[in-house]
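Here's the structure we're looking at; comments come further down.
Read-outs throughout are calculated quantities, based only on the coordinates presented, and are distinct from any laboratory measurement. The structure presented is a predicted model; accordingly, all values stated were derived computationally and were not measured. Here the Cβ is made from the backbone with ideal geometry for all residues, glycine too, and neighbour counts use every protein chain on show.
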Amino acid sequence: MPELPEVETVRRTLAGLIVGRTIERVSVHLPRIIQRPDDVRVFEMQLAGRKIEDVGRRGKFLLIRMDNLVLVSHLRMEGRYGLYQSGDPVEKHIHVIFHFTDGMELRYKDVRQFGTMHLFAPGQELISKPLAKLGLEPLDESFTYEAFCHVIAGRTTKIKPALLNQEYIVGLGNIYVDEALFRAGIYPQSQANHLSTEQLRRLYEAILATLSEAVLAGGSSIKSYVNGQGEMGMFQHSLNVYGRQGQPCPACGQPIEKITLAGRGTHYCPECQPAGME
């Protein structure tokens with residue numbers, strides 16, 4: 001599933017492609033992707049004639065803002081957007097097409113069919129599902145060290161599941177949690193409420209550095225991820241532990257180990273991230 005850096009990269013590329021265009025009509029070929037409103041025909045009708053004003057992001061969700069309407073889109077496992085000319089062949093697994101008045105089309109492709117779309121009046125998207133209970137935004141100025149400690153420091157759960165919980169901090173997934181914990185030198189099974197002030201500070205700074213560098217690199221193309229222009233990310237070439245089980249740690253040379261934690265494959269260096277506070 002794309003994490004914050006990948007969704008932010010899609011947001012940036014998509015904004016350059018579709019902001020200012022006007023939707024003439026919408027074709028939905030897989031109704032279950034449309035979660036709100038209940039009637040797909042209403043969804044199509046409400047979008048007709050709307051001009052796209054901005055493309056935003058909240059956690060792993062894209063927010064396509066139009067005049068008096070907001071489309072909240074979650075890519076899930078393999079959802080992707082692409083801009084095409086109306087005469088271009090339509091590939092398999094294209095489930096929603098936004099036809100623009102200038103003859104271009106924004107097509108949503110989703111092989112796994114797990115993506116979702118919701119329509120809201122402006123302002124309602126932030127107080128309604130699926131965005132209502134989302135936590136701190138790590139690349140926002142509100143993500144201070146104090147705010148981070150407030151939501152994490154007292155948790156009586158292991159630190160990796162705590163960081164994956166979108167009600168605490170949004171946008172972090174398996175890749176970037178593993179990478180941030182490595183940078184901070186913290187064992188993934190350490191109890192969150194057992195971390196020292198120094199460890200919390202290192203972890204906070206590691207999260208910011210990891211996400212910022214990943215965004216600059218265009219995200220990580222581990223499986224099928226590409227940005228809005230069909231380009232792969234490059235941060236996968238900078239990963240220290242994720243997906244590198246059995247390979248030498250770039251810091252100490254010890255083999256990277258992989259365990260299962262909270263149902264997720266978890267990569268770490270036993271030397272740089274010693275156990276002892278789990």
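Qualifying GluC sites (Glu not before Pro) in region 27-98, where qualification requires a DSSP coil assignment and no more than 16 other C-beta atoms within 10 Å, comprise E91.
What are the chymotrypsin sites (Phe, Trp or Tyr not before Pro) within region 60-138 that DSSP puts in a loop, where the Cβ has at most 16 other Cβ atoms within 10 Å?
Values: sites: F61, Y81, Y84, F98, F100, Y108, F114, F120; in loops: F114.
Filter output for region 60-138: F114.
For region 47-206, calculate the relative contact order in percent as a whole number, restricting contacts to Cα pairs under 8 Å that are 6 or more residues apart. Write out the running numbers ahead of the final one.
Working: 249 pairs, mean separation 27.5, N = 160.
Averaging sequence separation for qualifying contacts and normalising by length gives 17 percent for region 47-206.
Using Cβ point charges alone (K and R +1, D and E -1), the dipole size of region 9-109 about the Cα centre works out to roughly 480 debye. Distance from the Cα centroid of region 1-40 to that of region 147-215 is 30 Å (rounded to whole angstrom).
Taking the dipole about the Cα centre of the chain, with the C-beta of Lys and Arg at +1 and of Asp and Glu at -1, give me whichever of A147, A209, G87 is farthest to the positive side. Sorting the options by dipole projection puts first G87. Sorting the segments 144-157, 185-198 by their mean number of nearby beta carbons within 10 angstrom, highest to lowest, gives 185-198, 144-157. Taking 28 Å as the straight-line reach from the Cα of K158, the lysines in range (excluding those fewer than 8 positions away in the same chain) are K60, K129, K133, K223, K258. Using Cβ point charges alone (K and R +1, D and E -1), the dipole size of the chain about the Cα centre works out to roughly 580 debye.
For Q273, nonlocal amide neighbours, meaning residues 5 or more places apart or on other chains whose placed amide H falls under 5 Å from its own, do not occur. Screening the chain for DSSP H helices whose Cα atoms reach 24 Å or more along their own axis and whose mean Kyte hydropathy is at least -1.0 gives 197-216.
Here is the size of region 4-127 from its Cα atoms: Rg then Dmax, 13.1, 39 Å.
The GNM of the chain, with springs linking C-alpha atoms under 10 angstrom apart, assigns the highest mean-square fluctuation among G246, G218, G87 to G87.
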